[in-house]
Amino acid sequence: MSLTFHWFLPTNGDSRHVVGGGHGTPATVSGSDRPPTVAYLSQIARAAEALGFVGALTPTGAWCEDAWLTTAMVAQHTERLKFLVAFRPGFVSPTLAAQMASTFQRQSGGRLLLNVVTGGESHEQRAYGDFLDKDARYRRTGEFLEIVRELWEGKSVDLHGEYLRVTDARLARVPDPIPEVYFGGSSPIAGQIAARHVDVYLTWGEPPAQVAEKIAWIRKLAAQEGRTIRFGIRLHVITRDTPEQAWAEANRLLDGFDPETVASVQAGLARSESQGQQRMLALHRGGSRDVLEIHPNLWAGIGLVRGGAGTALVGSHDEVTDRIKEYAALGIEEFVLSGHPHLEEAYWFGEGVLPRLQAQGLWQHPFGKQDAPSVQVPFAGAGSR
């Protein structure tokens, strides 16, 4: 078995501090420290590519740059890295989305992955002209994926659904390969949609026991649909040569959290309709700093100022390797990771943890070390120690 690792493109800005925001809350001011220019994002992407990450996730929402446009530009500065593009089905017609994905595949050499985000915040959806409630958005996502998948298979589609309607829809050119669909959600209807339509179910970084429950839940639903699904997890990472160095970095980040910012972000996230977001908030009890290590080496501090993925693996390279093995034993095959700053943390993980996993037969460089794309990064930090 070879585990798959993806990195993250901070299209909301990057910093040596945590850039907060997401799930209906704005990006924090630290996002202006390193603006999300194509040049900087390409620097991160090239580093991830050389280190052995398969793809890079780009977020979606009003707090960041558009994922489709940004990745299309960054793809021109990379060779093999795939792009896990987050998008919301309610914002574009299914036929156009299928066509966009097909074009992206041809122009990038088959380097598109799709992260379907139904949208858990009604107030943010309304800003984009979408006035459906949450359950209705999930039902629409099911219709959307049904149309898109049939179009990708070269079929002519007629569907008069509850929310979507297309007649004689067809693509002139189908994508090759067909993009894999990633998806996450903790509500009952989200589980139903995942079981019927997606290739990879993503969960945020909850403690292993809770992740195991989610995996069992989705596996059962998928089996009822006659399908099997792979599983992935979204986490931040702070990995260093020693545990003391890693926790010192986590505490440095924590010391940078302004109490007023924490209170403001937590108040915004408390209004979230997302069950997954509410599960993240429960890990640190709605903003408490008292007990943030919620499982060995699993730190909930990021969630104090950031919506969505709010936990980080913190520890020595050996400890982080052990935690990854713990999640892998549950059935997690793909890891979508990030760290602040994203350029430097890619090196800490890529040079500290991936070789350990490789030595244990759990990972291999997706391009082969000798064939890995070269990268010139003007950074004298983790990569040169």
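The values are calculated or read from the model by the stated rules, or taken from the named source; none is laboratory data. Computed from a predicted model, the values in this text were never measured in an experiment. Counting neighbours? That spans all protein chains shown, and the Cβs are built from the backbone with ideal geometry, glycine included. We work out accessible area using only protein heavy atoms, side chains counted, and drop any ligands, DNA or RNA first. Shrake-Rupley method; radii C 1.70, N 1.55, O 1.52, S 1.80 Å.
Considering every residue within region 8-28, establish whether at least one is modelled with pLDDT of 95 or more and closer than 23 Å to Arg230 by Cβ. Yes, because at least one residue in region 8-28 is modelled with pLDDT of 95 or more and closer than 23 Å to Arg230 by Cβ. When region 107-128 is filtered for residues that are part of a helix (DSSP H, G or I), free of Cβ contacts under 8 Å to residues at least 40 places away in the same chain and within 20 Å of Phe183 (Cα to Cα), only Gln125 remains. How many residues does region 209-241 contain that are surrounded by fewer than 19 Cβ atoms within 10 Å (Cβ to Cβ), of a type outside the set (A, V, I, L, M, F, W, C) and under 21 Å from Phe183 (Cβ atoms)? Qualifying residue count, region 209-241: 10. With respect to being hydroxyl-bearing (Ser, Thr, Tyr) and at pLDDT below 95, Ser187 fits the description.
Counting the residues of region 300-333 that are touching a residue at least 40 places away in the same chain (Cβ under 8 Å), under 22 Å from the mean Cα position of the chain (by Cα) and open to solvent by 10 Å² or more (accessible area, probe 1.4 Å) gives 6. For region 247-266, the candidate set comprises residues that are of a type in the set (S, T, N, Q) and open to solvent by less than 70 Å² (accessible area, probe 1.4 Å); within that set, the residue that is farthest from Tyr327 (Cα to Cα) is Thr261. Taking the criterion of being assigned to a loop (DSSP other than H, G, I, E, B), open to solvent by 20 Å² or more (accessible area, probe 1.4 Å), of a type outside the set (Gly, Ala, Ser) and modelled with pLDDT of 50 or more, the residues of region 364-385 that qualify are Gln364, Pro366, Phe367, Val375. The sole residue among Ala72, Ala101 that is open to solvent by 10 Å² or more (accessible area, probe 1.4 Å), modelled with pLDDT of 95 or more, small (Gly, Ala, Ser) and within 19 Å of the chain's Cα centre (by Cα) is Ala72. Which members of region 344-362 meet the condition of being in contact with a Ser or Thr (Cβ under 7 Å, 6 or more places away or on another chain), in a helix (DSSP H, G or I) and open to solvent by less than 10 Å² (accessible area, probe 1.4 Å)? Passing the criteria: Phe349, Gly352, Leu357. Considering region 131-141, and only residues there that are open to solvent by less than 10 Å² (accessible area, probe 1.4 Å) and touching a helix residue (DSSP H, G or I) at 6+ places or on another chain (Cβ under 8 Å), the residue that is modelled with the highest pLDDT turns out to be Thr141. Do the conditions hold for Gln278, that is, is it open to solvent by 50 Å² or more (accessible area, probe 1.4 Å), among the polar types (S, T, N, Q) and modelled with pLDDT of 90 or more? The answer is no for Gln278. Here region 158-183 is the region considered, the condition is being over 30 Å from Arg234 (Cβ atoms) and touching a residue at least 60 places away in the same chain (Cβ under 8 Å), and the residue that is surrounded by the fewest Cβ atoms within 10 Å (Cβ to Cβ) is Arg173.
Of all the residues in region 30-73, those that are among the charged types (D, E, K, R) and part of a loop (DSSP other than H, G, I, E, B) number 3. Taking first residues from region 16-42 that are over 25 Å from Gln277 (Cβ atoms) and partners that are open to solvent by 40 Å² or more (accessible area, probe 1.4 Å) and of a type in the set (A, V, I, L, M), the Cβ contacts under 6 Å between residues at least 6 apart in sequence or on separate chains come to Val38/Met73. Looking across region 12-29, just one residue is open to solvent by less than 20 Å² (accessible area, probe 1.4 Å), assigned to a loop (DSSP other than H, G, I, E, B) and farther than 21 Å from Gly268 by Cα, and that is Ser15. Selection of first residues in region 217-241 that are within 17 Å of Ala56 (Cα to Cα) and without any contact (Cβ under 8 Å) to a residue 60 or more places away in the chain and of second residues that are part of a loop (DSSP other than H, G, I, E, B) and open to solvent by 70 Å² or more (accessible area, probe 1.4 Å), restricted to Cβ pairs under 8 Å at least 6 apart or on distinct chains, gives an empty result.
Yes or no: Glu244 acidic (Asp, Glu) and surrounded by 21 or more Cβ atoms within 10 Å (Cβ to Cβ)? So Glu244 does not fit the description; no. When we screen Phe131, Phe104 for residues that are more than 22 Å from Leu57 (Cβ to Cβ) and either out of contact with any His (no Cβ under 9 Å at 6 or more places or on another chain) or in a loop (DSSP other than H, G, I, E, B) (or both), the only hit is Phe131.
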